Amino acid sequence: MSIGMTCEEFWEGDSALPAFYRKAYELKQKTLYNEMNFSAWLQGRYTAEAISACFGKRCAYPEKPYELGREETKRSQEEIMIENAERFRALVEAKNKHMKGR
């Protein structure tokens, strides 16, 4: 069955079992969704770094993978926002300069 129960458990087991299996299935799906969402976010972060490294003079692609959890706690959210805004500004300036040259 789709929630992980066997037919025997469903038909012959306790009537409360399906509710427990359904709750466990929902938690498993939520965890899977969060993992996929984080993976997509991380991929976007690396893509943004690559684009910034191509167009920005002061931006470089990271030489090693991010240490998840540690880097974010060391820096404040405000510092991260300022850094991201600076990278975006550099990207926009480079793109505008490229478009004016056409």
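The values are calculated or read from the model by the stated rules, or taken from the named source; none is laboratory data. Quantities reported herein were computed from a predicted structural model and do not represent experimental measurements. Here the Cβ positions follow ideal geometry from the backbone for every residue, glycine too, while neighbour counts run over all protein chains shown. Side chains are part of the model used for accessible areas, which takes the heavy atoms of the whole protein and leaves out ligands, DNA and RNA. Shrake-Rupley method; radii C 1.70, N 1.55, O 1.52, S 1.80 Å.
The lysine pair tally for the chain, using Cα distances under 28 Å and a gap of 8 or more places or different chains, is 6. Label-to-label distance, W11 versus A50, with points set 7 angstrom from Cα along the beta-carbon direction: 5.3 nm. Each of A19 and Y61 was given a label point 7 Å from its Cα along the Cα-to-Cβ line. The distance between the two points is 5.4 nm. Distance between the modelled labels on N84 and S39, one decimal in nanometres: 2.2 nm (7 Å Cα→Cβ projection). Taking volume of the Cα convex hull per residue in Å³ as calculated from this structure, the corresponding entry among (1) 124; (2) 165; (3) 112 is (2).
Residues whose amide H comes within less than 5 Å of that of G13, counting only those at least five positions distant or on another chain, are absent (H built at 1.01 Å from N in the peptide plane). Within the accessible area of the chain, the carbon and sulfur atoms contribute 59%, probe 1.4 Å, all protein chains present.
Electrostatic bookkeeping for R89 treats Lys and Arg as +1 and Asp and Glu as -1; over the other residues with beta carbon under 14 Å from its beta carbon, the sum is +2. Each residue of the stretch 51-62 was assigned a 3J(HN,Hα) from its phi angle through the Karplus curve 6.51 cos²θ - 1.76 cosθ + 1.60 (θ = phi - 60°); the sequence is 5, 4, 5, 6, 9, x, 6, 8, 9, 9, 5, x Hz, with glycine and proline shown as x.
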